[in-house]
Amino acid sequence: QFDGEAEWYLPDGRDCWTAAKSRMHELEKEQEQRARAIAELEVQMEALSSSIDVVALEAVLVQSTSYNMAGELVEKLKDRLATLQKQVPLRQELKQCMVSNDEAQIQELLGRLKDAGLDAPGNWLLPDAAKLHA
């Protein structure tokens, strides 16, 4: 069995062996750091699984991509983010309708909300939007 400490026939054999062992140690440390970072990110992601903070969701999803993460939690957050990105502009339109006198515009928005399934308060992720729609 070759353990690297045997007598070397090549003059730089021992130095190459030492460099390889050193690099292996560095890679092991990097792998441990990566595992810790992924575990910390998973904790953050779990905490955001019911969040309406679009920026925070985008940030953890970018980080998850950099670690090549996949799975149920990542998909759940992607779906939540996509839903929020659709609902936020609709909530803004609802707010604008609160001061509008344009009945056609209001009816058109209400139709789009119904088509999107947002005519029921429980379908909104944004708590204030459900109140605005009521």
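The values are calculated or read from the model by the stated rules, or taken from the named source; none is laboratory data. Keep in mind it's a predicted model, so treat the numbers as computed, not measured. A quick note on method: Cβ atoms are made from the backbone with ideal geometry, for glycine too, and the neighbour counts reach across all protein chains shown. Note: areas computed on protein heavy atoms with side chains; ligands, DNA, RNA excluded. Shrake-Rupley method; radii C 1.70, N 1.55, O 1.52, S 1.80 Å.
Close lysine pairs were tallied over the chain: pairs 8 or more places apart or on different chains with Cα atoms under 17 Å apart number 8. Counting only protein heavy atoms and a probe of 1.4 Å, the accessible surface of the chain is 54% carbon and sulfur. From its DSSP helices (H runs of at least four residues, each -39,500 (n - 2.57)), the chain gives a residue-normalised ellipticity at 222 nm of -24000 deg cm²/dmol.
Other residues whose C-beta falls under 15 angstrom from the C-beta of Q63 contribute a net charge of -2, scoring Lys and Arg +1 and Asp and Glu -1.
For the chain, the longest principal axis of the alpha carbon atoms and the long axis of helix 72-97 meet at an angle near 30°. Estimated at the nearest 10 Å², the accessible area of V88 is 50 Å² with a 1.4 Å probe.
Summing Lys and Arg as +1 and Asp and Glu as -1 over all other residues whose Cβ lies under 14 Å from the Cβ of V54 gives a net charge of +1.
Using alpha carbons only, the radius of gyration of region 59-134 set against its Kirkwood radius gives Rg/Rh = 1.12. Rolling a 1.4 Å probe across all protein chains gives K78 an accessible area of roughly 90 Å².
Compute the Cα gyration tensor for the chain, then decide on rounded, prolate or oblate, letting a ≥ b ≥ c be the square roots of its eigenvalues: rounded whenever a/c is under 1.5, prolate when a/b is larger than b/c in the other cases, and oblate in all that remain. It comes out prolate by the Cα gyration axes. Note on T18: accessible area approximately 80 square angstrom, rounded to 10, probe 1.4 Å, nucleic acids and ligands left out.
What accessible area per residue, rounded to a whole number of Å², is obtained for region 59-134 using a probe radius of 1.4 Å? Kindly include the intermediate steps, with their values, before the conclusion.
Values: 4830 Å² over 76 residues.
Per-residue accessible area for region 59-134 comes out at 64 Å².
Going from most exposed to least, what order do D128, D79, D115 have by accessible area with a 1.4 Å probe?
Details: D128 55, D79 100, D115 140 Å².
The residues order as D115, D79, D128, largest area first.
Keeping all protein chains in place and using 1.4 angstrom, which order do M45, M98 fall into by accessible surface area, from largest down? Each step should come with its number before you reach the end.
Numbers: M45 0, M98 125 Å².
Putting M45, M98 in descending order of accessible area: M98, M45.
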